[in-house]
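First the structure, in the form of structure tokens, and then the observations on it.
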Amino acid sequence: MKGMRFVVVALTAAVLLSTANQSHAVWVNWDGSESDGAFTNAANWNLDRVPGDTGNGGDDEDNAVINNGESVTIDSLVPTNRGVFLGTGAANSGTLVIEAGGIIPWTKLESRIGQAGTGVVQQNGGSWNGSEEEMYLGRDPGSSGTWTMNGGTLSNCVMYIGNNNSSGRFELLGATASVEALSDHVYVGYTNYANGVVYQTNGVWNPGATRNIFLGYDTGATGTWQMTGGTVSNANQVIVGYKSVGRVELGGEGRITASASHNFVAKEAGSVGTVVQTGGVWDNNGNQIRIGEAAGATGTWQLSGGALTNVNIFHIGFNGVGTLEISNTGTLAGSTPVIAGSKAGSTGTVVQTGGVVSNVNQIILGDTDPSTGTYRISGGVITNVSQFKCGETGTGTLEIEGNEAAIHLTGGASFAMAGGDDTLRVILGETGITPIITDGNITLAGTLEVDLTNYDFSSSTLTLIDCGGVRSGAFTEPITVGPEPWSAEVSYIGQDVLLTNIKGDPRGSLIIIK
């Protein structure tokens, strides 16, 4: 009995100690009694004090709660408190407006812009210093949180834009608006089927050199960054699809400049990442981009305008599946090298229908056995590439279609097909094909496939590779011709590679030269 009494006393003491150490937070609710919308008017709060006002019975453990659908304005310094809650409860909503002169030294815990209900912040000026708080835009299931930033600064917090089956949206619109010096990462679409969106037309995101931007972090969440102007700079990593679904839409005058680490499009197994670049600039600052980082990850970069620059190294399919699509006026410049199909088991594909690939050290298709790399070009230009390797120890395929594409390897550049599993596939247009032009050496092996389906047979001889250096090797077996009456031969004349004695009519055929 004495032993039992000792246990009860000990447990009671532990509970009391735990309770003493817990926060004594007080919810101070907005009732708007004065109808002036002023945050700093004590009469507008149910306890007749401004949350955190130590001169009126409050302290920094107060929570400022706005639930009655009203709009509250801050235009001067307010006391430090524990957090601000807007829209706690499914039927509740609240709006906070921050004007020039508003200074918010939040908080000790977190702010919840939409906690089961609807919360809105409109920042036209002033400053919000989160004091390392957690900032939620949409915190609990069914909630919605929106932050519209036309001016001012937001700093020193970790941001969750869409959390736990909620929706969050952050709009950065003003030229003088900035998000900077955050205390931790930015999560857009955090977990549990949340939906997060950042919409940026102006202003600056500068989270800090050790802070990541995650789009689609975990468990079915979706994160999207829509950008037509302004800048994103000095982020440690931009991860488009961490364990879930992420998307970047970059256009207009938007500019993303990397910091000092790798960036990822689809990082972990099961993730799906997409970058749709119609304009703007993505400057990777001499760091790697990995599309399809892990086995089971699938990433795509669609480059139809603007520029993707300064990448070292560009992995298209690192351990997973990666695709790069270049079209219209999209430009890929200054990458060393571009690898489609990087590590064992990866699959990488480049599809170029327009645009420019220039000043690239190497293009490698199928770097590591058993990776697979494919480059399909039907338009646009590849120029100033030091080396084009179709297959390293993996399997590579280069497919050239029609005479709208141009591959100009200059400055002593080389073209090489490494082995018997590699393929050069040529799909003739109506009047033939634009040849590969190189002033360096070429090494041949593997299979040459020639598709005559669209050819008008106006010439019996076409140049496939115009070599200004030295040719070595050949396609490994004699030409195999498709159905009669079509026929052709491959010829090595000087250092060049030609398709000769082309015979047939314009009904179509596939010719395979092994």
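The table below lists the values:
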{"read-out": "Unique match (being surrounded by fewer than 21 Cβ atoms within 10 Å (Cβ to Cβ), on the phi < 0 side of the Ramachandran plot and not in a strand (DSSP E or B)) among THR383, THR368", "value": "THR368"}
{"read-out": "Qualifying strands (runs of 3 or more DSSP E) (wholly inside segment 143-247; at least 2 residues being crowded, with 24+ Cβ neighbours inside 10 Å)", "value": "144-149, 153-161, 167-172, 186-188, 195-200, 208-215, 222-227, 231-240"}
{"read-out": "Any pair with Cβ under 8 angstrom, 6 or more apart, that starts in segment 289-310 at a residue that is within 16 Å of GLU249 (Cβ to Cβ) and ends at one that is part of a loop (DSSP other than H, G, I, E, B) and among the charged types (D, E, K, R)", "value": "GLY299/GLU293"}
{"read-out": "Residue in segment 363-371 that is farther than 14 Å from GLY391 by Cβ and of a type outside the set (Phe, Trp, Tyr) present", "value": "no"}
{"read-out": "Any hit, segment 477-500, residues being assigned to a loop (DSSP other than H, G, I, E, B), under 21 Å from GLY379 (Cα atoms) and either out of contact with any Leu (no Cβ under 7 Å at 6 or more places or on another chain) or at pLDDT 90 or above (or both)", "value": "no"}
{"read-out": "Residue match in segment 286-295 (condition: closer than 24 Å to SER233 by Cβ and in a loop (DSSP other than H, G, I, E, B))", "value": "yes"}
{"read-out": "Output for segment 75-111, where each listed residue is part of a loop (DSSP other than H, G, I, E, B) and in contact with a Cys (Cβ under 9 Å, 6 or more places away or on another chain)", "value": "TRP106, THR107"}
{"read-out": "Qualifying residue in segment 291-306 (condition: of a type in the set (Phe, Trp, Tyr), surrounded by 23 or more Cβ atoms within 10 Å (Cβ to Cβ) and closer than 19 Å to ILE377 by Cβ)", "value": "yes"}
{"read-out": "Residue within segment 59-71 that is in a helix (DSSP H, G or I), over 16 Å from ILE98 (Cβ atoms) and out of contact with any Gly (no Cβ under 8 Å at 6 or more places or on another chain) present", "value": "no"}
{"read-out": "Residue match in segment 129-150 (condition: β-branched (Val, Ile, Thr) and closer than 23 Å to VAL245 by Cα)", "value": "yes"}
{"read-out": "Check on THR191, under 18 Å from GLY280 (Cα atoms) and among the hydroxyl-bearing types (Ser, Thr, Tyr)", "value": "no"}
{"read-out": "Pick from segment 322-357, criterion at pLDDT below 95 and assigned to a strand (DSSP E or B), ranking: surrounded by the fewest Cβ atoms within 10 Å (Cβ to Cβ)", "value": "GLY334"}
{"read-out": "Restricting segment 386-406 to residues that are buried (at least 20 other Cβ atoms within 10 Å of the Cβ) and hydroxyl-bearing (Ser, Thr, Tyr), the residue that is farthest from SER327 (Cα to Cα)", "value": "THR395"}
{"read-out": "Any chance ILE104 is under 17 Å from THR148 (Cβ atoms), in contact with a Gly (Cβ under 6 Å, 6 or more places away or on another chain), in contact (Cβ under 8 Å) with a residue 24 or more places away in the chain and surrounded by 20 or more Cβ atoms within 10 Å (Cβ to Cβ)", "value": "no"}
{"read-out": "Considering residues of segment 117-142 that are over 12 Å from SER167 (Cβ atoms) and of a type in the set (A, V, I, L, M) only, the residue surrounded by the most Cβ atoms within 10 Å (Cβ to Cβ)", "value": "MET135"}
{"read-out": "Verdict on ASP140 being in contact with a helix residue (DSSP H, G or I) (Cβ under 9 Å, 6 or more places away or on another chain) and either within 25 Å of THR191 (Cβ to Cβ) or at pLDDT below 95 (or both)", "value": "no"}
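Listed here are the residues, each with its yes/no results for (1) within 21 Å of GLY468 (Cβ to Cβ); (2) over 27 Å from the mean Cα position of the chain (by Cα).
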{"position": "PHE318", "(1), (2)": "no, no"}
{"position": "VAL338", "(1), (2)": "no, no"}
{"position": "VAL360", "(1), (2)": "yes, no"}
{"position": "LYS389", "(1), (2)": "yes, yes"}
{"position": "THR395", "(1), (2)": "no, yes"}
{"position": "GLY402", "(1), (2)": "no, yes"}
{"position": "THR410", "(1), (2)": "yes, yes"}
{"position": "THR423", "(1), (2)": "no, yes"}
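The values are calculated or read from the model by the stated rules, or taken from the named source; none is laboratory data. Values in this document were obtained by computation on a predicted structure and should not be read as measured data. All Cβ positions, even for glycine, are placed from backbone atoms using ideal geometry, and neighbour counts span all protein chains on display.
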